[in-house]
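The values are calculated or read from the model by the stated rules, or taken from the named source; none is laboratory data. Bear in mind the structure is a predicted one, so any value in this text is a computation, not a measurement. Every residue, glycine as well, gets a Cβ built from its backbone with ideal geometry; the counts of neighbours run over all protein chains shown.
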Amino acid sequence: MSFQNPRAVGATLDPRIPVLVRRDGRVQLGWDPEHALVLALPPGVHTDQLLAVLRLLDGRNSRPHILWTAVGLGMAPTDVARLLSDLDRAGLIDVAGPPTVAATPAIRVHGRGPLSDAVSRALTDGGNRVMRSYRYSAESDVTRWNAACVVLSDDLVAEPRLVADLVRNGIPHLQVRLRDGRGVVGPLVLPGHTSCLRCADLLRAGYDDDWPHLSAQLLGAVGHASPAVIMATAAVALGQLEAVLSAPRSAPPSSLGATLEIDLAAHRLVTRHWPRQVSCSCTYLAPAAGDPGRLPS
Ligand SMILES: [Zn+2]
């Protein structure tokens, strides 16, 4: 999921991105036609010199050392600063921060079924710390989970007390379910910043008077879908979690206050928005809103 190096002392250029040289000598990072970054050569700097500076971005060199060496290679300090700034803005470098005890945040996958298994496996393969659970008893306490994010997977209707506890304690959570053969990812709830699962319930009850009656019958049930839909749904969920866990650098996840509904038979991914409801308990349960780009760790 990430190219971060916990032992880095300086900036690390994403080693997965191909570094290419165009015929005019400019250096191109990546090969996507829309997102590749083309670096113009600063005045008086040759391609080999710029490539040598990029090679310094391996995490083992501090910023002063990079600056000192780049100046020795013929680059002006302002050009080096601009280069690092351009790479950072493009999300191509990881700038080392102070060491932390647990650099990788833990993700709790709560649920039992094919999606829980698929999402957990994918997160673990991506180098994440994953914890599993499927019961939320009277003794359970979300604050002891120490999770950066909770995935509520497989259960068609999440346990109301768990949902309220997640909102009350400001813990981001993403719902992932299978509904009548289709996948549904979201809403992603950032308590205090977005609508919550109960907001969505209130809205649906506004469209269908019987929804609370039907919803109560779905409590404890798990959905079904083909293996392909399960894999596609897990992939979309993983993409949303990557966006959350890399915040605030990447674009906001599209499942914030919305569901992404995957219909492989129709080759469609439909986004349905669930705005915040002023009558919902999340307006007073959620902790005071802070910076939405920051997640608890
Ligand atoms: Zn709400």
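Residues that are closer than 14 Å to A11 by Cα and in a loop (DSSP other than H, G, I, E, B): does the range 37-47 have at least one? There is no residue in the range 37-47 that is closer than 14 Å to A11 by Cα and in a loop (DSSP other than H, G, I, E, B).
Residues that are within 11 Å of the ligand (Cβ to nearest atom) and either over 22 Å from S116 (Cβ atoms) or in a helix (DSSP H, G or I) (or both) within the range 160-190 comprise V163, A164, V167, listed in sequence order.
In the range 261-288, what residues are over 30 Å from S226 (Cα atoms) and either within 8 Å of the ligand (Cβ to nearest atom) or of a type in the set (A, V, I, L, M, F, W, C) (or both)? Within the range 261-288, R276, Q277, V278, C280, S281, C282, T283, L285, A286, A288 meet the criteria.
As for the range 214-232, it holds at least one residue that is within 20 Å of L152 (Cα to Cα) and either outside the structural domain of G186 (by TED's automatic domain parsing) or within 16 Å of the ligand (Cβ to nearest atom) (or both). Being within 15 Å of the ligand (Cβ to nearest atom), crowded, with 17+ Cβ neighbours inside 10 Å and in contact (Cβ under 8 Å) with a residue 60 or more places away in the chain is not true of L156.
Is it fair to say V229 is of a type in the set (V, I, T), at pLDDT 85 or above, within 22 Å of the chain's Cα centre (by Cα) and not in a loop (DSSP other than H, G, I, E, B)? For V229, the condition - of a type in the set (V, I, T), at pLDDT 85 or above, within 22 Å of the chain's Cα centre (by Cα) and not in a loop (DSSP other than H, G, I, E, B) - is met.
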